[in-house]
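To start, the structure under review is shown below, and the notes come after it.
The values are calculated or read from the model by the stated rules, or taken from the named source; none is laboratory data. For clarity, every value in this text was computed on a predicted model and none was experimentally measured. Neighbour counts run over all protein chains shown; Cβ positions are idealised from the backbone, glycine included.
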């Protein structure tokens, strides 16, 4: 291997998903609920999941060799890995460079790096520097579909914890999807997601699949993420409803969601006053390892730092 570290980085997400999948394959749950009724959960086919996993590994091998292009058709960007590359246009797959690998002219930088802005002189105060990468090479949202939650911050957590299974664009085609039974939900399917309440999404992210009587293949994230982080992820999911695989970088950076806020739904802003939310919280917290009355681990607490903002401090206007 010319660059073993790159290879390791590209398959790290696969390893995460495989740990869950190998231990829980027997817990297959083919059906779930939407709008209070049993429905067939939207997932990619077994063949599509296998193809996505193979494409992800090929992308890693190509990048290590310094090859550009994209397994999924947009030359400067691969939506399975989220990596930008050198390219003259969206469609050309030749004369590109991955930004990795050796080159006689010197070290290449990916197209990603051309997008990174120079930090301001007061970089500590400039919060955009905190997650500069995701805000320069992914959609930047100017409004939110979940009051008190910021989809821009939700992206950073989703990219860190969710893509191994659900895929970069939430289509259920992550590199580990083929290892799971049942396969991860396609979180962009509007006919399904429009019926799922914010509370349902919050509960399954925080408490895991078992919190809603589904497979433990979906782990609980309540010991990793604060409640506000989870609300931000919910806002990001809402911002991607019915968004299809992009055909250009411009299309990728400007997703159009079909989600319409559900009347009376729980949001980050009103959750503290919701009896349903408090009941769900009590149940989840009681089942989570390490939880105890007065414990600092209780997810409802707020930890300042980075880009975190309390619900009432979120600046984005909520779409009504």
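So, residue 236, is that one closer than 22 Å to residue 173 by Cβ, at pLDDT 90 or above and either touching a helix residue (DSSP H, G or I) at 6+ places or on another chain (Cβ under 6 Å) or not in a helix (DSSP H, G or I) (or both) or not?
Working: closer than 22 Å to residue 173 by Cβ: yes; at pLDDT 90 or above: yes; either touching a helix residue (DSSP H, G or I) at 6+ places or on another chain (Cβ under 6 Å) or not in a helix (DSSP H, G or I) (or both): yes.
Yes, satisfied.
Return the residues of the range 186-228 that are assigned to a loop (DSSP other than H, G, I, E, B) and farther than 15 Å from residue 161 by Cβ; say none if nothing qualifies.
Taking the range 186-228 as the starting set, the residues that turn out to be assigned to a loop (DSSP other than H, G, I, E, B) are 186-189, 194-197, 208, 213-226.
The answer is 186, 188, 189, 194, 195, 196, 197, 213, 214, 215, 216.
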Within the range 216-228, the count of residues that are buried (at least 24 other Cβ atoms within 10 Å of the Cβ) and under 17 Å from residue 187 (Cβ atoms) comes to 2
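Being in contact with a helix residue (DSSP H, G or I) (Cβ under 6 Å, 6 or more places away or on another chain), farther than 23 Å from residue 199 by Cα and modelled with pLDDT of 80 or more narrows it down to one residue among 55, 49; which is it?
49
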So, first residue more than 15 Å from residue 201 (Cα to Cα) in the range 274-286, second residue surrounded by 13 or more Cβ atoms within 10 Å (Cβ to Cβ), Cβ within less than 6 Å, six or more apart or across chains; the pairs are 274/266; 285/291
Considering every residue within the range 219-230, establish whether at least one is closer than 15 Å to residue 42 by Cβ and in contact (Cβ under 8 Å) with a residue 12 or more places away in the chain. no
Check whether at least one residue in the range 239-258 is crowded, with 16+ Cβ neighbours inside 10 Å, part of a helix (DSSP H, G or I) and modelled with pLDDT of 95 or more, and report yes or no. no
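Considering only the range 173-198, state which residues are touching a helix residue (DSSP H, G or I) at 6+ places or on another chain (Cβ under 6 Å) and within 18 Å of residue 33 (Cα to Cα).
183, 184, 187, 198
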So which residues in the range 259-289 are surrounded by 13 or more Cβ atoms within 10 Å (Cβ to Cβ) and in a loop (DSSP other than H, G, I, E, B)? 259, 260, 261, 262, 265, 266, 267, 268, 269, 270, 274, 288
